[in-house]
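Following: one structure in structure tokens, then a few remarks.
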There are 2 protein chains.
Amino acid sequence: MGNKEQTFQKIIEVAYVMFAEKGFEKTSLAMIAAEVGISKPAIYYYFQSKDQLITYLFDELYKVIQQDVAVDYKELSRVNFKEELLELGYKSIEAQGKDPYFNKIFNQYVLLAARDESYKKQLVELETSFLTSFVEVLQYGVELGVLEDTPTIEAKAQMLALVYDNIGNFMLTGNQLDYRAIWKEAVHSVIQGGEDGNKR
Amino acid sequence: MGNKEQTFQKIIEVAYVMFAEKGFEKTSLAMIAAEVGISKPAIYYYFQSKDQLITYLFDELYKVIQQDVAVDYKELSRVNFKEELLELGYKSIEAQGKDPYFNKIFNQYVLLAARDESYKKQLVELETSFLTSFVEVLQYGVELGVLEDTPTIEAKAQMLALVYDNIGNFMLTGNQLDYRAIWKEAVHSVIQGGEDGNKR
DNA sequence: GTCTATACCGTGATAGAC
DNA sequence: GTCTATCACGGTATAGAC
């Protein structure tokens, strides 16, 4: 309703897209203001500084990611555990093509985190819950009986998570690989069971 | 010898460190000049622009990485193939702590590549030879007879490469994980052979 | 309460003197 | 080969219009 809400929202949306496309530093407040249709200092009515606008966007992303990262695994079933885990990766690979903004902007925050403690703290939190959810998935697989309960189950899960995550990074650089095959290999290596026998 | 050589070299060294520590955009030419002990416009005698200085540093990195990426694998032997492959990863993990500059600066180029075609081109080249060398390692393992020759050997190698690479990224964010265990798991999953039997 | 006009200083960049 | 002077543009602060 309020004009204020509208302007605020528009600044955020415009900033998100421009930051993703051109990067934080090459996107000036004047450009954002022009696109929104206000004057440059007007942004300072809503945000104390450019840095604060950048931080605000990160906090928004932070919330979204936290939710996205946590859920899914309870829906995995005993019968098709492996296939469903594969599907999780395939979906992510496809989503990558759909929202090119997300990874471009997220990677910039990774960079900032290398020099800014508060970003660093939040990023490590995200990574931790990201990794944790993979551990939970595999432990769930153990519960279901489709996975052996080895002492290295945590390392296995983290390896899987690193592959999952880095597929996104490589896609970002435009490298054309058979990502589905890579993901399949990773899942397969963690769950040698399935159709193969894995008795000792 | 020449003063020219000296100044040039000093600019490069100072810029490399400052770019890594503060980032490209937050490092001004004035700061570099002050640290080198010259005036700001003097830098323009050696470089046409700030961007060109950044590009020059990348070209240097590019050469170094190309060499680092290509070599090693011929030294792997039949008897200790797995252990030596493990050692390769361990060394990289340790090196990460030694040269904090490298990854910080390299990641910035990854970001630039998302918006700049020429960086993108070179980066994809580096990634490609990086991935290729992992494929070669595993194919060498097949030759040695320590690895089965499966059709998925390429995907296996790329998976291994993604893990190897992303360990570096996660270390950068300051996340404290048992990276050696993760690497061990990755290598193990690719070479189930070794002491285990893997007959079908 | 919502914004514009204006001015300040630091930045990358250029021209020209020494 | 290096500096001084100068420029346009960037983020930022404030005064004040409505």
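Annotations
- Count - residues of region A:141-188 that are over 23 Å from A:Glu75 (Cβ atoms) and either outside the structural domain of A:Val110 (by TED's automatic domain parsing) or in contact (Cβ under 8 Å) with a residue 40 or more places away in the chain (or both): 3
- Applying the condition of being in contact (Cβ under 8 Å) with a residue 24 or more places away in the chain and crowded, with 17+ Cβ neighbours inside 10 Å to region B:30-45 and asking which residue is nearest to A:Lys26 (Cα to Cα) yields B:Ile43.
- Of all residues in region B:95-114, those that are away from every other protein chain (no Cβ under 12 Å) and at pLDDT 95 or above total 0.
- Taken over region A:115-141, the criterion of being farther than 11 Å from A:Gln158 by Cα and within 11 Å of another protein chain (Cβ to nearest Cβ) is satisfied by A:Arg115, A:Asp116, A:Glu117, A:Tyr119, A:Lys120, A:Lys121, A:Gln122, A:Leu123, A:Val124, A:Glu125, A:Leu126.
- The set of residues in region A:46-59 that are surrounded by 14 or more Cβ atoms within 10 Å (Cβ to Cβ) and either closer than 27 Å to B:Ala113 by Cβ or within 11 Å of DNA strand C (Cβ to nearest atom) (or both) comprises A:Tyr46, A:Lys50, A:Leu53, A:Ile54, A:Thr55, A:Tyr56, A:Leu57, A:Phe58.
- Selected residue (criterion: modelled with the lowest pLDDT) from residues of region B:171-183 that are more than 7 Å from chain A (Cβ to nearest Cβ) and either assigned to a helix (DSSP H, G or I) or within 15 Å of the chain's Cα centre (by Cα) (or both): B:Met171
- Residue count for region B:1-24 satisfying the condition of being surrounded by 17 or more Cβ atoms within 10 Å (Cβ to Cβ), within 14 Å of another protein chain (Cβ to nearest Cβ) and within 15 Å of DNA strand C (Cβ to nearest atom): 4.
- For region A:1-30, a tally of residues being among the aliphatic types (A, V, I, L, M), within 12 Å of DNA strand D (Cβ to nearest atom) and touching a Lys or Arg at 6+ places or on another chain (Cβ under 8 Å) returns 2.
- Test: residue in region A:41-48 that is away from every other protein chain (no Cβ under 14 Å) and either away from DNA strand D (no atom under 16 Å from the Cβ) or modelled with pLDDT under 95 (or both): no
The values are calculated or read from the model by the stated rules, or taken from the named source; none is laboratory data. Please read these numbers as outputs of a predicted model, since none were measured by experiment. Cβ sites come from the backbone with ideal geometry, for glycine too, and all protein chains shown count toward neighbours.
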